[in-house]
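J.: Before anything else, here's the structure in question.
The values are calculated or read from the model by the stated rules, or taken from the named source; none is laboratory data. Computed from a predicted structure; not experimentally measured. Neighbour counts are summed over all protein chains in view; Cβ atoms, including those assigned to glycine, are modelled from backbone coordinates with ideal geometry. Protein only, heavy atoms only, side chains kept; ligands, DNA and RNA dropped before computing areas. Shrake-Rupley method; radii C 1.70, N 1.55, O 1.52, S 1.80 Å.
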Amino acid sequence: MAANWNHFYQKSAEQRLALVAQWAHLTPSQLNDLQQTNAPIFDHLIENYLADYALPEGVVTHLTVNGTAYLVPMVIEEPSVIAAASNGSKLLSAGQGISATIKERLLGGEVVMKNVSNAALSALVARQQVTLIQLANASHPSILRHGGGAKRLTVRKLDDQFTAVDLLVDPGEAMGANLINTMLEAVAGWFRDRQYDVIMAILTNNADHSLVRVQGTVSFDRLGATLEAGRNVADRIADASTVAKIDPHRAVTNNKGIMNGVDAVVLAMGNDWRAVESAVHAFAASTGQYRGLSHWRVTQTGLTGDMTIPLPVGYVGGAAGVFQMVAVNHAIAHVTDVSELMKVIAAVGLAQNLAALKALVTDGIQKGHMSLQLKSLAMANGTKPAELGFIVGELRKLAQPDAEDVKQLLVQLRKQDFHE
Ligand code: MEV
């Protein structure tokens, strides 16, 4: 019989879990897993809530940004990301560490219209600029108290049929998605009242007005056992960076590595990582070709990295206000405002990239990751924490360890334990 999912969201948590368990033929233990992590508060956050899904959180060490040492929480399931970020941070930690600057921090959005005269619309928007800004601010007045607000409106022709009125807003300490959408809908209403054919009003995740730049240098002696070896590694990292500029295949992987660091901090800080991902990848393709975001070059003193990325994040609002762990993570990182948060996130991205490139041009990434990968393989196949030491030790002796090996080793170990 087909299940009836109508009004599922109105059912109690207990009823929902029971229905899902029945539908999916969950075992009592699987149902128990869901029940154990069901937190009634989140029933009010998302629709059809079942349970919390936990990810591991760790901290990146040795990160220095603009002369301040940071310990930054990262939430990530991939083994070795935090190890690599810490490694890259250490390499870049000399002197003031990574320098970071915010180029601009504004959020954009658009009111899209059909069949308008661009000249007339441009003239209207120019004439009514102050009125429209006041109207936008009046729709969300608290933003003025927080030092932000609507900044300017411009007209952008999309094609012969469609035109956008773009709005730029300073969202204060918030990411600002709700804020700008409210403002845009107010602005859209103003145009509709004047008989404009408004198609939609929505923020843009193309966050090219929210850019942060990070730069860092690592001396040759830190890159190799000798100055000469270090210089050689630096040359190869610079080559790898060039390859990411010319080859989109490599660029995507290079940037995935950067996002390993960026996303993990964005998530730990309660932010919308999909917004960050969309913005960063659009920015990487802004010349028409998808390119590596980082640029590494050899200078007289060492290897210097430079990266600019959009980071549409907030320090307050959204999930940041809902999850207690975000406040804890702000405290661990000692980050006190959104600008500092942007700088730290981008710095972790740069450090992550350096560690990946260094591994790739020297030993390859598998060697350094082996121990964590073996642990992951062991855990995924039923190894308990107390058994990890033995299982990983045995897996290390094998040329190409796989799931079957873990299972056999576990049988062997548990048999031994039973007989002892
Ligand atoms: C793995 O998650 C990330 C890397 O592939 C990044 C890179 O290749 O630059 C190691």
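J.: Looking at segment 392-404, can you tell me whether even one residue there is of a type in the set (Gly, Ala, Ser) and under 33 Å from the mean Cα position of the chain (by Cα)? Outline the logic, then answer.
T.: As a first pass, look at segment 392-404 and keep what is of a type in the set (Gly, Ala, Ser): 393, 399, 403.
Next cut, under 33 Å from the mean Cα position of the chain (by Cα) only: 403.
For segment 392-404, residues of a type in the set (Gly, Ala, Ser) and under 33 Å from the mean Cα position of the chain (by Cα): present.
J.: Still on this model: Within segment 59-81, can you find the residues that are among the hydrophobic types (A, V, I, L, M, F, W, C) and open to solvent by 40 Å² or more (accessible area, probe 1.4 Å)?
T.: Step one: of segment 59-81, the residues among the hydrophobic types (A, V, I, L, M, F, W, C) are 59-60, 63, 65, 69, 71-72, 74-76, 81.
Answer for segment 59-81, where residues must be among the hydrophobic types (A, V, I, L, M, F, W, C) and open to solvent by 40 Å² or more (accessible area, probe 1.4 Å): Val59, Ala69, Leu71.
J.: Something else about it: Is it the case, given these coordinates, that Asp247 is within 24 Å of the chain's Cα centre (by Cα) and at pLDDT 95 or above? Even if it seems obvious, please write down each step before you answer.
T.: Values: within 24 Å of the chain's Cα centre (by Cα): yes; at pLDDT 95 or above: yes.
Against the criterion (within 24 Å of the chain's Cα centre (by Cα) and at pLDDT 95 or above), Asp247 qualifies.
J.: In segment 228-280, which residues are within 13 Å of the ligand (Cβ to nearest atom) and of a type in the set (Gly, Ala, Ser)?
T.: Ala240, Ser241, Ala244, Ala251, Gly257, Gly261, Ala264
J.: Any idea how many residues of segment 140-178 are touching a residue at least 40 places away in the same chain (Cβ under 8 Å) and of a type in the set (A, V, I, L, M)?
T.: 9
J.: Can you tell me which of (1) more than 16 Å from the ligand (Cβ to nearest atom); (2) modelled with pLDDT of 95 or more is the one Gly349 doesn't meet?
T.: Only one criterion is unmet by Gly349, namely (1).
J.: Also, quick follow-up: If we keep just the residues of segment 136-183 that are closer than 20 Å to Ala123 by Cβ and hydroxyl-bearing (Ser, Thr, Tyr), which is least open to solvent (accessible area, probe 1.4 Å)?
T.: It comes out as Thr163.
J.: How many residues, within segment 303-323, are open to solvent by 10 Å² or more (accessible area, probe 1.4 Å), among the small types (Gly, Ala, Ser) and in a loop (DSSP other than H, G, I, E, B)?
T.: 1
J.: Another question about this same structure. Give the residue, chosen from Val326, Val406, Val348, Val335, that is out of contact with any Cys (no Cβ under 7 Å at 6 or more places or on another chain), assigned to a loop (DSSP other than H, G, I, E, B) and surrounded by 16 or more Cβ atoms within 10 Å (Cβ to Cβ). Even if it seems obvious, please write down each step before you answer.
T.: Working: Val326 fails: assigned to a loop (DSSP other than H, G, I, E, B); Val406 fails: assigned to a loop (DSSP other than H, G, I, E, B); Val348 fails: assigned to a loop (DSSP other than H, G, I, E, B).
Criteria check complete, one pass: Val335.
J.: Further question: Go through (1) in contact (Cβ under 8 Å) with a residue 40 or more places away in the chain; (2) surrounded by 20 or more Cβ atoms within 10 Å (Cβ to Cβ); (3) in a loop (DSSP other than H, G, I, E, B) one by one and return the number of the condition Gly109 breaks.
T.: (3)
J.: Go through segment 88-105 and give me each residue that's more than 20 Å from the chain's Cα centre (by Cα) and part of a loop (DSSP other than H, G, I, E, B).
T.: Once the filter is applied, which keeps residues that are more than 20 Å from the chain's Cα centre (by Cα) and part of a loop (DSSP other than H, G, I, E, B), segment 88-105 yields Leu92, Ser93, Ala94, Gly95, Gln96, Gly97.
J.: For segment 273-302, give me the residue count where each residue is open to solvent by 40 Å² or more (accessible area, probe 1.4 Å), small (Gly, Ala, Ser) and in a helix (DSSP H, G or I).
T.: Number satisfying all stated conditions: 2.
J.: For segment 362-377, check the following and say yes or no: at least one residue is more than 30 Å from Val218 (Cβ to Cβ), surrounded by fewer than 16 Cβ atoms within 10 Å (Cβ to Cβ) and of a type outside the set (S, T, N, Q).
T.: Just the residues of segment 362-377 that are more than 30 Å from Val218 (Cβ to Cβ), to begin with: 377.
Then drop every residue that is not surrounded by fewer than 16 Cβ atoms within 10 Å (Cβ to Cβ), which leaves none.
Looking through segment 362-377, none of the residues is more than 30 Å from Val218 (Cβ to Cβ), surrounded by fewer than 16 Cβ atoms within 10 Å (Cβ to Cβ) and of a type outside the set (S, T, N, Q).
J.: Further question on the same structure: With respect to the numbered conditions (1) at pLDDT 95 or above; (2) part of a helix (DSSP H, G or I); (3) closer than 17 Å to Pro79 by Cβ, which one is the sole condition not fulfilled by Thr383?
T.: With respect to (1) at pLDDT 95 or above; (2) part of a helix (DSSP H, G or I); (3) closer than 17 Å to Pro79 by Cβ, Thr383 is out only on (2).
One line per residue, one yes/no per condition, for (1) within 16 Å of the ligand (Cβ to nearest atom); (2) within 19 Å of Asn271 (Cα to Cα); (3) at pLDDT below 95:
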site	(1), (2), (3)
His7	no, no, yes
Leu17	no, no, no
Gln30	no, no, no
Asn38	no, no, yes
Val65	no, no, no
Leu71	no, yes, no
Pro79	yes, no, yes
